[in-house]
Amino acid sequence: MLDIRGLAASINDKPILKGIDLTVPEGEVHAIMGPNGSGKSTLGYVLSGREDYEVTAGTVTFNDVDLLGMAPEDRAAAGVFLAFQAPIELPGVNNANFLRTALNAIRRAHGESELDAVQFLKLARAETKRLAMPDDMLKRNVNVGFSGGEKKRNEVLQMAILRPKLAILDETDSGLDIDALKIVADGVNALRGPKFSALVITHHQRLLDHLVPNRVHVLAGGRIVRTGGPELAKELEKSGYAGLIAEAA
Amino acid sequence: MTTGAIAFLERYQSLIGRLPGDSALRAAAAAAFRTAGLPGGTQQRRIEAWKYTSLRPVAETAFKPDAAPRHEAETILTGLPLLDAPRLVFVDGAFRPDLSVMPTAGFARFAEQPDFGTLSWPDREPMVALNTMLAEDGAALHVPAGYDAGVVQLISIAASDADFHPRHVIRLGKGSQLTLVEVSAGQGTYLLNTVAEFHIADGAHLTHIRLQDEAASAFHISTTYADVEAGATYDSFTLNLGAQLSRTEVHAQLTGAGAIAHLNAAQLLAGSQHADFTSVVGHTAPGCTSRQTVKNVLAGRSRGVFQGRIEVARDAQKTDGYQMNQALLLSPYAEVDSKPELEIFADDVKCSHGATVGELDAEQMFYLRSRGIPDAEARSILVRAFLAEALDAVADDTIRFRLEAAVERWWERQKA
C-alpha cells in the first residue's frame, strides 16, 4: 500500500506540492487528473526519487517502508516504477542491454539469480510481441529515433519486464492513437492483481475507458481538491476543471 | 637547452656515420632540433603548436638506450589483442622477423633500405627533427596498384627504459586497399617517438586503426603525414588509453579532387595522464571531404587536449569539412583544452566545427537509476555509451570488438 501524508515539495525554492494526502491500497488503480501545472508530474518524480525536487514536508510509505529516504534505484528495487511523460533518449545504449541490466539489478537486489542474454531475450521477445512492438526495438538504442508512440510503448515494455508493485504512469496516453492507447491499457491491465497498484496521471477520460480506475483524484494548485469514483473522470470530461478549482478555493 | 635535448644531440654525435640513410638530411634535422629543443622543455621561444603540451617530463627523464631490456617482449606481445593477420613487430624500435608474420604487400626495413619519405617537416616539427636525427628502423610497405593487401598489423613493443624513433613509410598504389592496425604497448619508462607517412594514390583506400596502450609511465609521440590523392580515402581512428603523456599529431593533405579524410579518435584518461590530439587537414583540391570527431573521457586529474585545424586553399571549392571535439569530465579536477581552427581562402565551402564539454547528463542518470540500476553502474553505462558512439566509426566488427575489449580492460584497471 502506498500512503502519502502531507507531502510538500519544491523545485528551486518554488513550492509545487502543497500538502498531498493520498492512499492507494494494494491491488487498486487510481487516476490523478488535473490542469497543467497542478503538480501531477512532480508527484511522480518525487515518488520515484528525482533529486532536484526537495521534499519540504510530509511522509511517503510504501508497504511500510519510508520511500523518501531511499535512492531511486532502491525504490525501483522496492517495486516503484515511473513511466516517464517524456522518456529519455540514451544514445549508444542498446535497448535490450539496458532492460537486462535493469532487470538483473532488481533481481540482484531481491537475491535472485541474474538472467543471461538468451533467457532475457526469450522473455523480452514475448513481451514485445504482446505489446505489438517490432522486435528491432530491442536492438535499437534506448528511445533514440523512436516516434512518440514508440517511446511510450517502450516505457510499457520496461514496466512489463520489471514487473513493479507500484506503477506511476505520467501521461503515458498522450500522443497515442487509439490502437496504441488500447495496447498501453492492456499492458497495465495485464499486471493488475492483488499485489499491483498504479497511479495513472492523465488529462483524458479516453485512457480510463480502457483502464478503469478504482478512484479518481483531482490535483490542482499542489493539492488534491476532489476524489471520487470512475464517474468523476467522465464528469470532468464534460465540465472541465474550472468549476472544481473555484469550488475548492 | 635542457639536459634531455642535449643527451639526444650527444647520442646523435656519437652515432654519426653509423646511422643508415641520408646523412645530410640527418645533419639538417639535428641543426633544427638544436635550435628548437623539446617543446616546453626549454626556456626558449614558445611554440604555438605545443601551447597545451609540455615535454618537460621527457626532457627530465634520463633514457638508457644501451641498457638491457627489463621486460619480456614476448610476454607483452602475447597479451595484445592481435588479429589473425600479418604483423610487423618492432621491439625496442628494432624489427623482429622472428615475432612477425610477413604481409603480402611489399615490405622493407628502414634499417636496410632507409626511406625518410617526402612529406615530413623536420624544420617545423621538433619531434620530427628528433626522429629524423635518430631513426634506426621502421617499416616501408608498398601496396601495388589495384591490389587489396587486407589487414597488416604494425606493432610496437617497448621492453627497455629507452627512447625509440621508428620511421615508417607506407605507399598505396592507385586503386589499392590496406587496413593498417597499429598497436603500441610496453613496460617501463620509455619514449616512443614515431614518424609515419602515407601516400594514398588515386582511388586507393587506407583504413588506419591505432590502439595506443602504452605503459603508465611511458611517453608516446606520434606524427603522421598523409597525402590523399584524387578519389582516395584516408580513414583513421585512434584510441589513446595509455602513457603518462601522449601526443598524436596528424597532418593530412587532400591533394586530389574528391579525396576523403576521416580523423576520428577517442581518449580515455585517468590519474594524471595527459593526451594531446592535434590535427591539420589541408584541403588543396576541390570537392574533398574531411570528417573528424574526437572524444575525451577524463577522470582524476587528467588533461585532454584537442587542436584541430582545417585549411582550405583558394582552389579547394566545394570543400566539405567537419570537426567535433567532445569531452566528458568525470571529475572536478579533470581538464580539457580544445582549439578548433578554420582557415578558409575559397568562397564556396561547407565547413563547421564545434566543441562540447560536460558532465554526465542528470536526466539520463535518473532514468537509469529509476529502473533499478545503481549509481556506479549507471555512470559506467553512460560513459561507455559516449565512447560507443566514437567506436562506431570503426566499420570492421572484428577490429571494433578488439578496441571495445581494450576499453573494458581500461575500466578494469581503473577499478583495481
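The values are calculated or read from the model by the stated rules, or taken from the named source; none is laboratory data. Small disclaimer: the values here were computed from a predicted structure and weren't measured. We place every Cβ from the backbone using ideal geometry, glycine too, and count neighbours over all the protein chains shown. Note: accessible area is taken over every heavy atom of the protein model, side chains too, but ligands, DNA and RNA are not part of it. Shrake-Rupley method; radii C 1.70, N 1.55, O 1.52, S 1.80 Å.
Things to note:
- When the strands (runs of 3 or more DSSP E) confined to the range B:314-416 are screened for residues that are more than 14 Å from chain A (Cβ to nearest Cβ), in contact with a Lys or Arg (Cβ under 8 Å, 6 or more places away or on another chain) and under 28 Å from B:Glu48 (Cα atoms), those reaching at least 3 such residues are found at B:320-329, B:335-344.
- For the residues B:Asp213, B:Asp202, B:Asp235, the requirement of being touching a helix residue (DSSP H, G or I) at 6+ places or on another chain (Cβ under 8 Å) and of a type outside the set (S, T, N, Q) singles out B:Asp213.
- Filter result (open to solvent by 30 Å² or more (accessible area, probe 1.4 Å), in contact (Cβ under 8 Å) with a residue 24 or more places away in the chain and more than 8 Å from every other protein chain (Cβ to nearest Cβ)) within the range A:90-99: A:Asn94
Listed here are the residues, each with its yes/no results for (1) open to solvent by 10 Å² or more (accessible area, probe 1.4 Å); (2) farther than 30 Å from B:Gly79 by Cβ.
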{"position": "B:Arg124", "(1), (2)": "yes, yes"}
{"position": "B:Ala129", "(1), (2)": "no, yes"}
{"position": "B:Ala140", "(1), (2)": "yes, no"}
{"position": "B:Val143", "(1), (2)": "no, no"}
{"position": "B:Ser160", "(1), (2)": "no, no"}
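- Number of positions in the range B:120-169 that are of a type in the set (A, V, I, L, M), over 21 Å from B:Thr189 (Cβ atoms) and within 15 Å of the chain's Cα centre (by Cα): 3
- Some residue of the range B:94-112 being modelled with pLDDT under 95, of a type in the set (D, E, K, R) and open to solvent by 40 Å² or more (accessible area, probe 1.4 Å): no
- Lone qualifier among A:Gly27, A:Gly34 - being surrounded by fewer than 17 Cβ atoms within 10 Å (Cβ to Cβ) and touching a residue at least 12 places away in the same chain (Cβ under 8 Å): A:Gly27
- Residues satisfying the stated conditions in the range A:53-88, i.e. away from chain B (no Cβ under 12 Å) and hydroxyl-bearing (Ser, Thr, Tyr): A:Thr56, A:Thr59, A:Thr61
- Scanning the range A:18-33 for residues that are over 19 Å from A:Thr56 (Cα atoms) and touching a His at 6+ places or on another chain (Cβ under 8 Å) yields A:Val24, A:His30, A:Ala31, A:Ile32, A:Met33.
- Residues satisfying the stated conditions in the range B:261-272, i.e. out of contact with any helix residue (DSSP H, G or I) (no Cβ under 8 Å at 6 or more places or on another chain) and open to solvent by less than 50 Å² (accessible area, probe 1.4 Å): B:Ala261, B:Leu263, B:Gln267, B:Leu269, B:Gly271
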